[in-house]
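*Asks:* Before I ask anything, let me first share the structure, which is written out below as structure tokens.
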Ligand code: NDP
């Protein structure tokens, strides 16, 4: 049977591209979303994946959700892509504790929740691939994003530590740090700001979701089994980590 991959936030934007690409190269795909059932259903019909709704910021929901996925597919999750993420941009002096917490829990604590729910079985089976979708702004910082930059930098440290813990068990753990990718998250920003950002990208354009998805399919493949604890940067030359 082909391996089972779970992609959080796997029904829109970068996550949908990852789900598509994993399905295209032959994995069974479970995509998790939060509330946009229309996009989830459209992707399900398009690529024949299974879609599941839960909040990855919620520890117990992740435990129950993973249980449900495993029961539905009749086997363990072997590939985990922690991709779900949100922004709540505001300067620190105006940031509410709620704006801080929501980004830290959705973007960073979710990695703990999902890895905690899946890694025991990966360790037992001696195989696993975990990919954490971080961000250029976790590498370099960004105005208005102390919450997001902290969460995304945290994912990189989390990746390195878990890679060390898991290396002897056949599990690789890597991060991807995308630059600006044309998705709803980015197009929500004003045109003026977007033009300013684009001018700072040496390649001269935003990235496309499938350009990140193809890094995922490489990292989960047999060819990438010696790569662990790495952060793969894909940002059009905007920041050289
Ligand atoms: P989108 O906003 O387009 O999509 C986000 C996805 O995550 C949706 O499927 C959404 O579900 C899901 N989601 C959000 N919160 C939760 C939650 N609490 N529980 C479960 N699912 C959730 O985001 P992008 O595709 O742009 O970004 C994907 C990842 O890439 C994020 O982690 C982001 O930080 C990172 N990234 C993005 C960049 C960009 O330029 N776009 C650059 C660098 C990093 P629903 O559809 O139900 O809302």
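Rule-based calculations on the coordinates, nothing more; no lab input. Predicted, not measured: the structure shown is a model, and the values here were computed from it. Backbone-built Cβ (ideal geometry, glycine too); neighbour counts: all protein chains shown.
*Asks:* Could you tell me the center-to-center distance, by alpha carbons, between the range 48-89 and the range 143-188 in angstrom?
*Replies:* First find each Cα centre; the distance between them is then 17 Å.
*Asks:* Hey, another quick one. Grab the eigenvalues of the alpha-carbon gyration tensor for the range 167-241, scale each by 5, take roots, and send me the semi-axes largest first in whole angstrom.
*Replies:* In descending order the semi-axes read 29, 12, 10 Å.
*Asks:* Further question: Percentage of Cα-Cα pair distances in the range 112-152 greater than 11 Å, rounded to whole percent?
*Replies:* Beyond 11 Å sits 68 percent of the P(r) for the range 112-152.
*Asks:* So, one more: Using only Cα atoms, find the angle between the long axis of helix 13-24 and the longest principal axis of the chain, and express it within 0 to 90 degrees, rounded to the nearest 10.
*Replies:* Between helix and principal axis, roughly 30 degrees.
*Asks:* Based on a Kirkwood Rh over C-alpha pairs, give the Stokes-Einstein translational diffusion coefficient of the range 1-110 at 25 °C and viscosity 0.890 mPa s in µm²/s.
*Replies:* This corresponds to a translational diffusion coefficient of 170 µm²/s.
*Asks:* In the range 31-93, if every C-alpha pair distance is counted and binned at 10 Å from zero, what percent goes to each bin?
*Replies:* Result, from short to long distances: 18, 47, 26, 8, 2 percent.
*Asks:* Now a separate question. Tilt of helix 37-47 relative to the longest C-alpha principal axis of the chain, in degrees (0 to 90, nearest 10)?
*Replies:* Helix 37-47 sits roughly 60 degrees off the main axis of the chain.
*Asks:* For the range 63-161, just list the percent of Cα-Cα distances falling in each 10 Å bin from zero outward, please.
*Replies:* 16, 42, 26, 13, 3
*Asks:* Still on this structure, please answer the following. Pairing the Cα long axis of helix 209-219 with the longest principal axis of the chain, what angle in degrees results, from 0 to 90 and rounded to the nearest 10?
*Replies:* Taking Cα atoms only, the helix is inclined about 40 degrees.
*Asks:* I would also like to ask the following. Using only DSSP helix segments of four residues or longer, with each worth -39500 (n - 2.57), what per-residue ellipticity at 222 nm results for the chain after dividing by its residue count and rounding to 500?
*Replies:* Taking each H run of at least 4 residues, the total per residue is -14000 deg cm²/dmol.
*Asks:* Would you give the gap between the C-alpha center of the range 4-27 and the C-alpha center of the range 200-241, rounded to a whole Å?
*Replies:* If we compute the Cα centre of each part, the gap is 16 Å.
*Asks:* Using a 10 angstrom cutoff on alpha carbons, build the Gaussian network for the chain and name the most mobile of 189, 133, 29.
*Replies:* Most flexible of the set in this elastic network: 189.
*Asks:* Here's another thing I want to ask about it. Residue 46 to residue 223: extension gain in nm, 0.36 nm per residue of separation minus the Cα-Cα distance?
*Replies:* Net length gain for the segment: 60.9 nm.
*Asks:* Would you mind putting 169-175, 137-143, 101-107 in packing order, based on average other-beta-carbon counts within 10 Å, highest first?
*Replies:* The most tightly packed comes first, giving 169-175, 101-107, 137-143.
*Asks:* Contour minus end-to-end for residue 234 and residue 92, with contour as 0.36 nm per residue of separation and end-to-end as the Cα-Cα distance?
*Replies:* Difference between extended and current length: 48.4 nm.
*Asks:* Given 4 °C and 1.567 mPa s, compute D for the range 103-241 with the Stokes-Einstein relation, Rh being the Kirkwood radius over Cα pairs; round to the nearest whole µm²/s.
*Replies:* Value of D from the Cα-based Kirkwood radius: 82 µm²/s.
*Asks:* I would also like to ask the following. Starting from the alpha-carbon convex hull of the chain, give the projected area averaged over all orientations, in nm².
*Replies:* Hull-based average projected area comes out at 12.6 nm².
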